[in-house]
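Student: Got a structure for you, written out below as structure tokens; questions coming shortly.
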Amino acid sequence: MKRVLSGIQPSGQLTIGNYIGAMQNFVKLQHEHQCFFMVVDLHAITVPQDPAALREQSESVAALYIAAGIDPNKAAIFLQSHVPQHAELGWLLTTLTYMGELERMTQFKDKSEGKDSVGAGLFVYPSLMAADILLYNADLVPVGDDQKQHLELTRDLAGRFNSRYGNYFTVPQPFIPEVGARIMSLDDASKKMSKSNANAGSNIFLLDDPAVIRKKISRAKTDSEAIVKYDPIHKPEISNLMSIYSHTANVSIADIEAKYEGQMYGPFKKDLAEQVAAFIEPLQTRYHEVRRSGEVYDVLQKGAQQAQEVAELTLNEVKRHMGFVLPRR
Ligand code: AMP
Ligand code: TRP
């Protein structure tokens, strides 16, 4: 049994990209491994958040984890801010991180581009993410493609700590889907589908009304060739829609190509809209049940306790390795 850890920021509504790139693998991995799934609220505040919205989104993401099929009896679901060891290990690892490494992070470059003032938290964000992972000595980290670079830095920091202070940290591996690791915008296949894209037609939110989803899919951009073929380089728009189809309907890309051979895009898009709606409707029903029942608070409390047990041990060991005097108990 391996240790698995991942997190999603409560910085906006979750998209189908978050589901396909990350959450779907959370659900799969929970059956075989010891899993920790966080709502990374400390990361969300690296860009300004309205307090009421942060609170709502944090509860919403936790409820979506449950609605998507993460079983709180199998995996620990918790808020990052409920386990203070994250912030503390984050600081310790910040002191091990080089400025040059942080300057090279593409997520930092993207998020800071064109801004007059950039918070220091956005810059040191990857050290906190490394702390999230190393605190649990995670073996596997299920994420979308855009997090590969942060994972690479985490691996480097684990190695640096181990060679400087003695072998302690597990060097984690990313766990990235083969198809769907980067779901693109529906209106521009050169951009990642993102919670923070202001153009509503660009993304499918997990909590979108099914009628809205149908409309968004019918308007999604395609090429003029009208051949349903998976070719992300030459046909990025249709390939993106095929990835969404494959993950929501659980059919292979080859089967989709065979099914729509000789057909135009119309029937494919129509079926895709129905598939996505059929996938999302039960998820939304469950989501509303979870929100109404208030069970999310119990789940978060239990999850934080489970996480804290591990986190406390790790942080003490890390401090001992680094030469801190530990308090008497
Ligand atoms: P974030 O929304 O940045 O907190 O991302 C949470 C998780 O969803 C990370 O593992 C991301 O890599 C993944 N993710 C976000 N957007 C996409 C996307 N468009 N396609 C695939 N995975 C994504
Ligand atoms: N940086 C990740 C993102 O934007 C979120 C994240 C924070 C995370 N801590 C993590 C992902 C630890 C995996 C493991 O998507």
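Student: Per residue of region 43-52, what does 6.51 cos²θ - 1.76 cosθ + 1.60 with θ = phi - 60° give for ³J(HN,Hα)? Whole Hz please, x for Gly and Pro, Karplus curve as stated.
Tutor: Rounded to whole hertz, the list is 6, 4, 7, 6, 10, x, 10, 6, x, 5.
Student: Okay, moving on. Would you please calculate the Kirkwood hydrodynamic radius of region 200-288 over all C-alpha pairs and express it in Å, rounded to one decimal?
Tutor: Here the Kirkwood hydrodynamic radius works out to 13.4 Å.
Student: Once the convex hull of the alpha carbons of region 90-235 is built, what does its volume come to per residue, in cubic angstrom? It would help to have the intermediate numbers written out before the result.
Tutor: Details: hull volume 22.6 nm³, N = 146.
Cα-based convex hull of region 90-235, divided per residue, equals 155 Å³.
Student: Quick check: at a probe of 1.4 Å, how many percent of the accessible area of the chain sits on carbon and sulfur atoms?
Tutor: With neighbouring chains kept in place, the figure for the chain is 51 percent.
Student: Which of K115/K195; K74/K148; K28/K229; K195/K215 have a Cα-Cα distance over 21 Å?
Tutor: Values: K115/K195 19 Å; K74/K148 26 Å; K28/K229 28 Å; K195/K215 18 Å.
Flagged as over cut-off: K74/K148; K28/K229.
Student: What does the accessible area per residue of the chain come to in Å², with a 1.4 Å probe and no ligands, DNA or RNA counted? Walk me through the numbers on the way to the answer.
Tutor: Working: 15470 Å² over 329 residues.
Using a 1.4 Å probe on heavy atoms only, each residue of the chain averages 47 Å².
Student: Let me ask you something else. Please go through region 271-329 and write out the chymotrypsin sites (Phe, Trp or Tyr not before Pro) that DSSP classes as loop and that have at most 15 other C-beta atoms within 10 Å.
Tutor: On the way: sites: F279, Y287, Y297, F324; in loops: F324.
Here the sparse-neighbourhood loop sites are F324.
Student: Tally Lys/Arg at +1 and Asp/Glu at -1 over every other residue whose Cβ is under 12 Å from the Cβ of I204; what's the total?
Tutor: Values: positive: K195, R214, K215, K216, R219; negative: D187, D208, D209.
Taking every other residue near I204 into account, the sum is +2.
Student: Tabulate in residue order the Karplus-calculated ³J(HN,Hα) for region 174-185, using 6.51 cos²θ - 1.76 cosθ + 1.60 with θ = phi - 60°, rounded to whole Hz; enter x for Gly and Pro.
Tutor: Residue by residue, region 174-185 yields x, 10, 10, x, 6, 10, x, 6, 9, 7, 9, 4 Hz.
Student: Per Stokes-Einstein, at 10 °C and 1.306 mPa s, what whole-number D in µm² s⁻¹ belongs to the chain, with the Kirkwood radius over Cα pairs as the hydrodynamic radius? Provide the component values of the computation, followed by the final result.
Tutor: On the way: Rh = 20.9 Å.
My calculation gives 76 µm²/s for D.
Student: Right, something else. For a quick check of understanding: with a 1.4 angstrom probe and all protein chains in place, what accessible area in square angstrom does E113 have, to the nearest ten?
Tutor: 140
Student: Once fully extended, how much extra length lies between K109 and D145, figured as 0.36 nm per residue of separation less the alpha-carbon to alpha-carbon distance? Display every interim value, and only then the final one.
Tutor: Details: separation 36, 0.36 × 36 = 12.96 nm, distance 1.64 nm.
11.3 nm is the gain from fully extending K109 to D145.
Student: Can you list the residues, at least 5 places off or on another chain, whose amide H is less than 5 Å from the amide H of S185, using H built in the peptide plane?
Tutor: K191, K192, M193
Student: Note the full-extension length gain between K259 and L283 as 0.36 nm times their separation in residues minus their Cα-Cα distance, in nm to one decimal.
Tutor: Values: separation 24, 0.36 × 24 = 8.64 nm, distance 2.65 nm.
The span from K259 to L283 would gain 6.0 nm if fully extended.
Student: Each residue of region 106-120 in turn: what ³J(HN,Hα) in whole Hz from Karplus with 6.51, -1.76, 1.60 and θ = phi - 60°, glycine and Pro shown as x?
Tutor: Listing the rounded values in order: 5, 5, 5, 4, 5, 6, 9, 4, x, 8, 6, 10, 10, x, 5 Hz.
Student: Please name whichever of Y260, G303, Q149 sits farthest to the positive end of the charge dipole of the chain, dipole taken about the Cα centre and charges placed at Cβ: Lys and Arg +1, Asp and Glu -1.
Tutor: G303
The values are calculated or read from the model by the stated rules, or taken from the named source; none is laboratory data. Computed from a predicted model, the values in this text were never measured in an experiment. Note that we place each Cβ from the backbone using ideal geometry, even for glycine, and neighbour counts take in every protein chain shown. For accessibility, only protein heavy atoms count, side chains too; no ligands or nucleic acids. Shrake-Rupley method; radii C 1.70, N 1.55, O 1.52, S 1.80 Å.
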